[in-house]
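The values are calculated or read from the model by the stated rules, or taken from the named source; none is laboratory data. Remember, predicted model here, so these are calculated numbers, not experimental data. Neighbour counts are summed over all protein chains in view; Cβ atoms, including those assigned to glycine, are modelled from backbone coordinates with ideal geometry. What goes into the accessible areas is simple: the full protein's heavy atoms, side chains included, and nothing from ligands, DNA or RNA. Shrake-Rupley method; radii C 1.70, N 1.55, O 1.52, S 1.80 Å.
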Amino acid sequence: MSVEGAVRRVRGNDYRVLRPPEHFTPELRVSVIIPAYGAQDKLDLVLQGLARQTYPAELTEIIVVDNDSTPPLRLPEGTSARLVRCERPGRAAARNAGLAEATGDVIHWLDSDVVLTPGAVEAHMRWHHAAPYLSVTGYIRFTAAPLPAVLPDDLEAAFEPAEPHAWLVGLVERTEGLTNNPVRPFSLHVGGATSVSARLVEAAGPMDEDLILGQDTEMGFRLYQAGAVFVPEPRARAYHLGPTMRMRDQQRIDRVSHAIVADRIPAYQWLRTHPARRWKVPNVTAVLDGTAGYEAVRAAVDALLASTVADLSVVLAGPWDTLDRDRRAPLQDPNLDLVLVHGHYEHESRVLLATREEVHPSVPFVLRLPPGWVPGEDSVARLLDLARAEGLGLVQVLLAETPGGVVSARLERVSALARARLVARPGEPLDDAVDEVSGVRWVVGEEYGFGDEPVEPVGRRAAYRARVRAEAEAARLAKEAERLRAQVAKWRDEAARWRRSTVELRREVGTLRRELHVARRGQDGVRAVLARRMKRVLAKRTRG
């Protein structure tokens, strides 16, 4: 808490500003929920570990959920835990059964084969006393040591050597403890040893019992959407008794998990590689006023549906439930534009005609577009790229400045607005709080392809045709390049031949020059002999 008593604000996931004190007065109640199926011997050790916790027992509630074990599980004598039975199979169902019984301010998930070290719960709770919107995960080590009949005093001596949770440790190390704007901080929500503010759990909802695997991660994503900050706490240590199912068969588990969670976690864009299919939870939902006139609404919606971002849905808000079409004189119907909008998009699966705004709570981004404005083909994609690159909670798109004020579109990051609502002071504009917890940027709509005139939607079919043309052109250019490379090789051979000819010619010219020189020297010698002879002849004639 701040000096003024307001909730301290964390920007992104950089929880280091919270600085929880080493010593604090415990006030919050914690509900430890343990789903269990069989393995009574391990459960007994887990409960013995909880009995040794340094956090006050009167503030600790322990709920063991027997997930229809045969024979039924029992609680050891002297434990303060309560036993709840859940007949529906599955860890998610068992956790939800325990959640329904929990009364604490903090929910601490704990597996029935994870033994906490004595200070683990206290290490969790010091963070929760610092802020009411945290998800704290402890460090688990996996031991292969034989199970003792009674939990020893020295856990390290009994359970070491042990293996760390390599994936979790790697994630924390790669992201400086999840503080440097990690893409998926919610992946830290591991059900084996994680505590969460009960307010966040209430906002996010219980675990998804329809999932086969990956329930922890999917709930972590919903906690993230509700504004959670994820904190790794190395002092909250625990020992997992034996290897986990993931350690034994990670590839097969990932195969099952990835096939199903992709539909529910839009942040896993790397699992959504199909260019056109629909998902249960879209990555972006655009919200428009469906009463703004048929032509204006259609221009905007059609442009959105033709966007390069296919992972998108549209919500058209309007009084659709009040429409009563005039069959006798439809052209005189005062609600004709509403009728046309309704009829045009009634059967479009990506458009929801809603009487009030209805956006799925797991949608990461919401685009609010005012009437009369049309996004370009790549506008939404560019806004998303900007928001992701800078970790922004809000991108404001300046469309026009009028005497009545500024007209703008908004790309909102749902998790950032949820966090802002948790920390906003009374009377404080929500956007100001968003700016502090995540950041706000203004951009010019014209530079991002927004206009006030309808555009001819390109769409994915046209994009496909353009791609086919581009591939054909690329193939043609590749052939041309190959031809030119062959021509260049031919010219290189020709040039080499000319170079050899030049060398030979230079040699012949040199030989000729030498021969000419010799000839000239020989010619000069003949001339000298003739001259001497001529002189002798002339001299004889003169004497005679």
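Using a ≥ b ≥ c from the Cα gyration tensor of region 26-179 (square roots of the eigenvalues), is it rounded, prolate or oblate, where a/c under 1.5 gives rounded and otherwise the larger of a/b and b/c decides, a/b for prolate?
Because its axes are fairly even, with a/c under 1.5, region 26-179 counts as rounded.
With a 1.4 Å probe and all protein chains left in place, how much of the accessible area of the chain comes from carbon and sulfur atoms, in whole percent? The partial results should precede the final answer.
Numbers: 15680 of 29600 Å².
Of all accessible area on the chain, carbon and sulfur atoms account for 53 percent.
Per-residue HN-Hα couplings for region 23-37, Karplus 6.51 cos²θ - 1.76 cosθ + 1.60 at θ = phi - 60°, whole Hz, x for Gly and Pro?
Couplings: 10, 9, 8, x, 10, 7, 8, 10, 9, 8, 10, 10, x, 9, 9 Hz.
Treat each spin label as a single point 7 Å out from the Cα along the C-beta direction, and report the Glu447 to Arg199 distance in nm.
Simple spin-label model gives 3.8 nm for this pair.
Given H placed 1.01 Å from N in the peptide plane, which residues other than close sequence neighbours of Ala286 have an amide H under 5 Å from its amide H?
Residues meeting the amide H criterion: Ser313, Val314, Val315, Leu367.
Within the P(r) computed for region 340-423, what percentage of the Cα pairs occupies the region above 23 Å? Mind dumping the intermediate values first?
Working: 1230 of 3486 pairs.
That tail contains 35 percent of the Cα-Cα pairs.
In terms of Cα to Cα distance under 17 Å, which aspartates and glutamates are near enough to Lys280, apart from those fewer than 8 places away along the same chain?
Cα-Cα hits under 17 Å: Asp208, Glu209, Asp210, Glu218, Asp263, Asp311, Glu348, Glu358.
Using alpha-carbon positions, what is the distance between the centroids of region 379-429 and region 481-532, in Å?
Value for the Cα centre distance between the two parts: 80 Å.
Grab the Cα-Cα distance for Glu101 and Arg485, subtract it from 0.36 nm times how many residues apart they are, and report the gain in nm with one decimal. Please list the in-between numbers first.
Working: separation 384, 0.36 × 384 = 138.24 nm, distance 7.61 nm.
Between Glu101 and Arg485, full extension yields 130.6 nm more.
Considering every Cα-Cα pair within region 301-358, what fraction, in whole percent, is farther apart than 17 Å? If you can, show how the numbers build up before the last one.
Numbers: 725 of 1653 pairs.
It works out to 44 percent of all Cα pairs.
If I stretch the segment between Thr355 and Glu176 completely, what's the gain in nm (0.36 nm per residue apart, minus their alpha carbon distance), one decimal?
Working: separation 179, 0.36 × 179 = 64.44 nm, distance 4.51 nm.
Additional length available on full extension: 59.9 nm.
Over all pairs of distinct alpha carbons, what does the Kirkwood formula give as the hydrodynamic radius of region 268-379, in Å? The partial results should precede the final answer.
Working: mean 1/r = 0.0674 Å⁻¹.
Kirkwood hydrodynamic radius for region 268-379: 14.8 Å.
Can you work out the Karplus-derived ³J(HN,Hα) for every residue in region 341-354? Use 6.51 cos²θ - 1.76 cosθ + 1.60 with θ = phi - 60°, whole Hz, and x for glycine or proline.
Calculated HN-Hα couplings, in order: 4, 4, x, 6, 10, 4, 10, 7, 5, 8, 10, 10, 8, 10 Hz.
Return one whole number: the accessible area per residue of the chain in Å², for a 1.4 Å probe. Don't jump to the answer; show the numbers that get you there.
Numbers: 29600 Å² over 544 residues.
Per-residue value: 54 Å².
Over all distinct Cα pairs, what is the inverse of the mean 1/r for the chain, reported as the Kirkwood hydrodynamic radius in Å?
On the way: mean 1/r = 0.0343 Å⁻¹.
Result for the chain stands at 29.2 Å.
Report the gain in length on full extension from Arg499 to Asp154: 0.36 nm times residue separation, minus Cα-Cα distance, nm rounded to one decimal. Please report the intermediate quantities before stating the final value.
Numbers: separation 345, 0.36 × 345 = 124.20 nm, distance 8.64 nm.
Here the segment from Arg499 to Asp154 would lengthen by 115.6 nm.
Counting pairwise Cα distances across region 212-310, what percent come out greater than 21 angstrom? Write out the running numbers ahead of the final one.
Numbers: 2788 of 4851 pairs.
Taking all Cα-Cα pairs of region 212-310, the fraction more than 21 Å apart is 57 percent.
Among rounded, prolate and oblate, which fits region 54-112 when a ≥ b ≥ c are the square roots of the eigenvalues of its C-alpha gyration tensor, a/c under 1.5 means rounded, and a/b larger than b/c means prolate? Write down the numbers at each step before the final one.
Working: a/c = 2.44, a/b = 1.36, b/c = 1.79.
Here region 54-112 falls in the oblate category.
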